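Report on one structure; see the data block that follows.
Throughout, read-outs are computed from the coordinates displayed, never taken from laboratory work. These numbers come from a predicted model, not from an experiment. Glycine gets a Cβ as well: all are built from the backbone with ideal geometry, and neighbour counts include every protein chain shown.
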Amino acid sequence: MIELQNVTKRFAGFVVVDSLSIRFETGQTHVLIGPSGCGKSTLLRMIVGLVTPEAGAVLFDGEPVTPDSLVAIRRRIGYVIQEGGLFPHLTARENAGLMPRFLGWPEKQTAQRIDELTQLTQLTPAMLDRYPRQLSGGQRQRVSLMRALMLNPDALLLDEPMGNLDPMIRADLQADLRTIFRTLGKTVIFVTHDLAEAGYLADHITLMRHGRIVQQGTLHDLLERPANDFAAKFTRAQRGPQPIESE
Amino acid sequence: MLRTAVIIVVLLLLAFVPSERPAKGVRIASKKDTGSVILGELATQTIRAAGAPAVHLQQLGGTRIVFDALHRGEIDAYPEFTGTLRQEIFAAAGLSSDDDVRKHLAELGTVMSRPLGFSNNYALAMRRDQAEKLHIQTISDLARHPNLRLRLSDEFLNRADGWPALRQRYHLPHEHVQGMDHDLAYRYLESRTIDVMDVYTTDAQLAQLDVRLLDDDLHFFPQYDAVFLWRADLASRYPKAESALRSLESQITQNDARELNALVQSGKATEAQAAAEFLRTRLHLDVNVEEPSTAAQIARRTREHLDLVRRSLIPAIFVAIPLGVLAAKRPRLGRLILGAAGVVQTIPALALLVLLIAPVAYFGLNTIGGGSVTAIVALFLYSLLPIVQNTVTGLATIPPELHESALALGLSPRFRLWHIELPLASPAILAGVKTAAVLNVGFATLGALVGANGYGQPILTGIRLNNTALILQGAIPAACLAILLQLAFELLERHALPAGLGPKSPSLEGRG
């Protein structure tokens, strides 16, 4: 269980996260959604310690995330970002096997784990010997997911992992991700600005704006009972071609 | 990891295994003017003829470099002029007689020979026919002829102890005295465009022109008598060498000096050949000099040059990359490091060499000659900036999302540096090393100023003798070496960089 208590973060005087509290229950898939700059990515980055809140606390399994506990906690979290964050000088296999190498796993154990994850992520072993730039965007995200899952983490954090993919690839990956999330039963926090994607993947959706929570619930709740004008506008905009107000 | 370790060990061996053995025998040095080099050759060949081994470190950068090397015992003897000792080495002591100079030198453990017979003084010269017609014998006589056209070298014209003082001493009435290039002045004197000019009494041109040197009747010009200086311990180490040097006392007339200079400057003989000819005909010594073939000379210089490059560049790589990492991780310290490396670049080569001599000597390392540590340290310092700077840039331009990915995985700082950051920065770092290597090959020609030889030696000689062919003998191989190194680094970039970063790795096969 991951919990943020009254966290606040400003960048250059601009409030990005505004005294926000939220809990992410174990084994569930949570989606954070909202327009650009609403603070959804910043929340993820707080959990992995890439951003430190100015006020408030981040708890992982009831334990506060501090500089001392950070390294141990990071190894219990898989983190995937938009462009995958794969290291270009390492092959897909080396990228996936980076943490085992660092931790000194026996080669056999690493190979076995990579085999399991190759199947799970629908990759082929031949692809694993390519460098990231020799892979397609969708393949890169699958490798990135493998790397995130390598140590069998308790939580999986994905920051707009499909932001740059074209629609067909995106649909395939969404379907596979849904299966993976259901199969593994991990705590998943998924950031997107696509409502359909959120509805397809999530158990719980949190709509954010200006660093605050606007509404929490299922897709049905958001569509049928929008908490305010903004929530109504946001959901309407994603159903049809009407533009929403710029944020 | 093993591969990296092997590469590091090989490079370090390459950097620190010396190839030049220290010179054996009597070490004669000479400064970088033609007269000094000829005298150095005369001394070297005379000592060899007397049966003692001797080597000649030619055309070193300046009086201070040579005199200090003698004092420290890095060389055993060198030709000097008494005026230089008075005006430069013992300027503060205000010595007037040669005996005073000899006494001061003795306190430093140095012996000064009797004058060799000629001097290299300033003097004023006129065409002989004109001087005779006007009955001019001395500088004082000039005062009676205020209409003579005087042209002086710029240096002499502007020095406080030059023309202004000369004019005052002799009450010379001449107006509109102008500066002029020395070689040009000779031509104008010959063509009767000017009447009086300043000369050095050893100028090669004096051997060819019919001129009269005006008597310095009021003793204005300091006396620059040629002498040898040597260490007091030479007599006990090589008794034959000392008597050989003594045998040259009073043997070289003013005219001999001019003719030797003329022979070398006209390109008819090398310093060694001119000196050998003089020793054979005048002192009846059995000396022979063999000039190695041009190819053999270039081969030797290439070896010497590569020696300077490898022994300075490789240590620079090992120091500059960690400095660059430090500078990237601690920006405030980084500004200091980059600032210091930048300042080094602005120090002129000769100044840097002179500055480095004292610390290098302090550690008991050889400051001059083949494998001169002074030259190596200077080249090392010049090589730092491009490598440090590119390391900093390479690390600073790693995309932030890759930094964050490495952090979020939970890797240690050390592992991140070795396995993520340095490989990602490696193309920039290698480019920095390439730049440093190419610059180093060029800078290494300056090693010749401290006798480290290499391609700089023919360049220095060529400049001194105004001999383009000789300059090219150094400049062309240096340029070729720089190009070869550049090509070698390009191969390395293609094959040694991480494959995913290299320019050659095949890109996406179909998007999507």
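The table below gives the values:
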| quantity | calculated |
| --- | --- |
| Cβ-placed point charges (K, R +1; D, E -1), dipole of the protein assembly as shown about Cα centre in debye, nearest 20 | 1440 |
| Value of relative contact order over the range A:86-152, rounded to a whole percent, pairs C-alpha under 8 Å and six or more apart | 52 |
| Relative counts (whole %) of C-alpha pair distances in the range B:293-496, using bins that are 5 Å wide | 1, 8, 14, 17, 17, 14, 11, 8, 5, 4, 2, 1, 0, 0 |
| CD proxy at 222 nm, helix term only [per DSSP H run n ≥ 4: -39500 (n - 2.57); per residue of chain A; nearest 500] | -11000 deg cm²/dmol |
| Calculated from backbone phi, Karplus (6.51, -1.76, 1.60) coupling profile of the range B:399-412 in Hz, x at Gly/Pro | x, x, 5, 6, 4, 5, 4, 5, 5, 5, 5, x, 7, 6 |
| Tilt relative to chain B, helix B:271-283 - C-alpha long axis, 0 to 90 degrees, to 10 | 30 |
| Choice from A:Gly217, A:Gly13, A:Gly39 with maximal GNM fluctuation in chain A (Cα, 10 Å cutoff) | A:Gly13 |
| Peptide A:129-142 - average C-beta neighbours from other chains (10 Å radius) | 3 |
| Folded to 0 to 90 degrees: helix A:107-120 orientation relative to chain A principal axis, Cα | 50 |
| MRE, 222 nm, helices only [DSSP H, n ≥ 4, -39500 (n - 2.57), over chain B, to nearest 500] | -17500 deg cm²/dmol |
| Rounded to whole Hz, the Karplus (6.51, -1.76, 1.60) HN-Hα couplings of the range A:142-152, x for glycine and proline | 5, 5, 4, 5, 4, 4, 5, 8, 3, 8, 6 |
| Distance histogram in 20 Å bins (all Cα pairs of the protein assembly as shown, percent per bin) | 14, 31, 21, 16, 15, 3, 0 |
| Overall form of chain B per C-alpha gyration tensor (a/c, 1.5; a/b vs b/c) | prolate |
| Distant-in-sequence amide H partners of A:Ile81 (H built 1.01 Å from N, under 5 Å) | A:Asp159 |
| Relative exposure of B:Met126, A:Met1, judged by other C-beta atoms within 10 Å (fewest first) | A:Met1, B:Met126 |
| Dimensions in Å of the range B:122-213 - Rg and Dmax from alpha carbons | 12.1, 32 |
| DSSP bridge pairs, the range B:122-213: antiparallel proportion in percent, nearest 5 | 65 |
| Percent RCO, i.e. relative contact order, over chain A, from Cα pairs under 8 Å lying at least 6 residues apart | 28 |
| Fraction of beta bridges assigned by DSSP in chain A that are antiparallel (%, nearest 5) | 50 |
| Under the Debye formula (equal points on every Cα, no solvent term), log10 I(q)/I(0) of the range B:284-366 at q = 0.14, 0.17, 0.25 Å⁻¹ | -0.78, -0.98, -1.19 |
| Among A:Lys186, A:Lys233, A:Lys40, residue whose mean-square fluctuation peaks in a GNM of chain A (springs only between Cα atoms under 10 Å) | A:Lys233 |
| Whole-Å distance, taken between Cα centres, linking the range A:25-84 and the range B:180-207 | 86 |
| Scattering profile of the range B:25-143 at q = 0.20 Å⁻¹ [log10 I(q)/I(0), Debye over alpha-carbon scatterers] | -1.11 |
| 0 to 90° range, to nearest 10: angle between helix A:167-184 axis and chain A longest Cα axis | 80 |
| Averaged over A:64-72, number of beta-carbon atoms from partner chains that fall within 10 Å | 1 |
| Protection proxy ranking, peptides A:41-52, B:290-301, average beta carbon neighbours within 10 Å, highest first | A:41-52, B:290-301 |
| Phi to ³J(HN,Hα) by Karplus 6.51 cos²θ - 1.76 cosθ + 1.60 over the range A:68-80, Hz, x for Gly, Pro | 6, 8, 4, 4, 5, 5, 4, 6, 9, 10, x, 10, 10 |
| Whole-Å distance, taken between Cα centres, linking the range B:36-84 and the range B:308-376 | 29 |
| The range B:149-177 versus the range B:378-435: alpha-carbon centroid distance in Å | 61 |
